[in-house]
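K.L.:
My questions all concern the structure below.
The values are calculated or read from the model by the stated rules, or taken from the named source; none is laboratory data. Nothing here was measured: the structure is a model prediction, and the numbers come from that model. Cβ placement follows ideal geometry from the backbone for every residue including glycine, while neighbour counts extend to all protein chains displayed.
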């Protein structure tokens, strides 16, 4: 039995996480779900965006399923997401993006974006002076070697063929140059399983839109990966299709790539696909490969049967879409009266 810390969070987070938990319960009876507070609700109830009891639970569980949090402009606001990524050493962010529906004017996409998750622009070190702000961007050999090694291993284990380093070393010759050189060195040492590719970040963004099949797996720095994964999600149909995993040596947190979307919270119209697929990623990470494939297949079959969510112009909210996924997992599609 694996213990899962469930962190619904803010906005649409509780709605989509509830859908994902229902699907995970259908997929296997080997998960024990324990809920905890994070984000704005946690601040109101416990005086902290990431209470100690929540963080202790995250550390003690086998993995975590997280919804979303709403950022605040309050002077005392500290991002709970950046905090747990740092404190749990979740150095690898994995974002697979795959087309589940046909989007007019856009090619199909099937790409995995692996981004360094611990440094770069996200160290939040900024120096103020009379004329403005200087942001200190950190790139180290250790972090670069760790994420590139992870990307090589992940690509091979998942049967991928090509690994592309996305960078801007033609301008940022020191920092991006270090990352690129580490990539070249480690790819030279690997056993020839993967084809080595390189791409500047600006042209990579263009290719993701116009030629998404040009990429198989991308490894890149923190900010670049954050931006490119949203571009890729747009090609697939939107952020509702983009799951994400934060993975470290010991701990892991799986989540949708989208935010809390407070404007539609409580309306039941949020697309739960990204969170359900994040749950499937978590299953695979924990070794439940058959259950993971069953979830992914049920989601794919639901879309293939024409059941579209509101964000795609369809008629399904989070609950009814999830109902169809659940029925397909047990081989019993809903009858017409429930469509």
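K.L.:
Take the conditions free of Cβ contacts under 8 Å to residues at least 60 places away in the same chain, within 18 Å of residue 5 (Cβ to Cβ) and either in the same structural domain as residue 58 (by TED's automatic domain parsing) or crowded, with 20+ Cβ neighbours inside 10 Å (or both) and apply them to residue 287. Does it pass?
P.N.:
Here the answer is yes, as residue 287 does meet what is asked.
K.L.:
Can you tell me how many residues in the stretch 302-319 are over 12 Å from residue 270 (Cβ atoms) and either in contact with a strand residue (DSSP E or B) (Cβ under 7 Å, 6 or more places away or on another chain) or crowded, with 16+ Cβ neighbours inside 10 Å (or both)?
P.N.:
6
K.L.:
Determine, yes or no, whether residue 23 is under 21 Å from residue 294 (Cα atoms), part of a helix (DSSP H, G or I) and at pLDDT 95 or above. It would help to see each step written out before you state the result.
P.N.:
On the way: under 21 Å from residue 294 (Cα atoms): yes; part of a helix (DSSP H, G or I): yes; at pLDDT 95 or above: yes.
Spelling it out, residue 23 is indeed under 21 Å from residue 294 (Cα atoms), part of a helix (DSSP H, G or I) and at pLDDT 95 or above.
K.L.:
Right, residue 33: assigned to a strand (DSSP E or B) and surrounded by fewer than 24 Cβ atoms within 10 Å (Cβ to Cβ) or not? Steps first, answer last, please.
P.N.:
Values: assigned to a strand (DSSP E or B): yes; surrounded by fewer than 24 Cβ atoms within 10 Å (Cβ to Cβ): yes.
Considered against the rule, which asks whether it is assigned to a strand (DSSP E or B) and surrounded by fewer than 24 Cβ atoms within 10 Å (Cβ to Cβ), residue 33 comes out as yes.
K.L.:
When you scan the stretch 56-74, how many residues do you find that are surrounded by 14 or more Cβ atoms within 10 Å (Cβ to Cβ), modelled with pLDDT of 95 or more and over 20 Å from the mean Cα position of the chain (by Cα)?
P.N.:
Residues that pass the stated criteria total 1.
K.L.:
Being modelled with pLDDT under 95 and either within 12 Å of the chain's Cα centre (by Cα) or closer than 22 Å to residue 147 by Cα (or both): is that true of residue 258 here?
P.N.:
When the stated conditions are applied, residue 258 passes them.
K.L.:
So how many residues does the stretch 209-241 have that are within 13 Å of residue 97 (Cβ to Cβ), at pLDDT 95 or above and in a loop (DSSP other than H, G, I, E, B)?
P.N.:
2
K.L.:
Just a yes or no: is a residue in the stretch 98-108 buried (at least 23 other Cβ atoms within 10 Å of the Cβ) and within 21 Å of the chain's Cα centre (by Cα)?
P.N.:
no
Rundown of residues vs (1) modelled with pLDDT of 95 or more; (2) out of contact with any strand residue (DSSP E or B) (no Cβ under 8 Å at 6 or more places or on another chain); (3) more than 23 Å from residue 96 (Cα to Cα), yes/no style:
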| site | (1), (2), (3) |
| --- | --- |
| 139 | yes, no, yes |
| 144 | yes, no, no |
| 174 | yes, yes, yes |
| 178 | yes, yes, yes |
| 191 | no, yes, yes |
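K.L.:
Also, quick follow-up: Across the stretch 85-100, what is the total count of residues that are within 20 Å of residue 279 (Cα to Cα) and assigned to a loop (DSSP other than H, G, I, E, B)?
P.N.:
5
K.L.:
Taking strands (runs of 3 or more DSSP E) that fall entirely within the stretch 117-197, which contain at least 3 residues that are crowded, with 19+ Cβ neighbours inside 10 Å and assigned by TED's automatic domain parsing to the domain that holds residue 207?
P.N.:
Because the criterion is at least 3 residues that are crowded, with 19+ Cβ neighbours inside 10 Å and assigned by TED's automatic domain parsing to the domain that holds residue 207, the strands (runs of 3 or more DSSP E) in the stretch 117-197 that meet it are 162-167.
K.L.:
Go through (1) modelled with pLDDT of 95 or more; (2) part of a strand (DSSP E or B); (3) buried (at least 17 other Cβ atoms within 10 Å of the Cβ) for residue 49 and report which single condition fails.
P.N.:
The single condition residue 49 does not satisfy is (2).
K.L.:
A further question on this structure: Give the stretch 301-337 a look and list any residue that's at pLDDT below 85 and part of a loop (DSSP other than H, G, I, E, B), or say none.
P.N.:
330, 331, 332, 333, 334, 335, listed by residue number.
K.L.:
Looking only at the stretch 276-284, decide whether some residue is farther than 24 Å from residue 250 by Cβ, buried (at least 17 other Cβ atoms within 10 Å of the Cβ), outside the structural domain of residue 157 (by TED's automatic domain parsing) and touching a residue at least 12 places away in the same chain (Cβ under 8 Å).
P.N.:
For the stretch 276-284, residues farther than 24 Å from residue 250 by Cβ, buried (at least 17 other Cβ atoms within 10 Å of the Cβ), outside the structural domain of residue 157 (by TED's automatic domain parsing) and touching a residue at least 12 places away in the same chain (Cβ under 8 Å): present.
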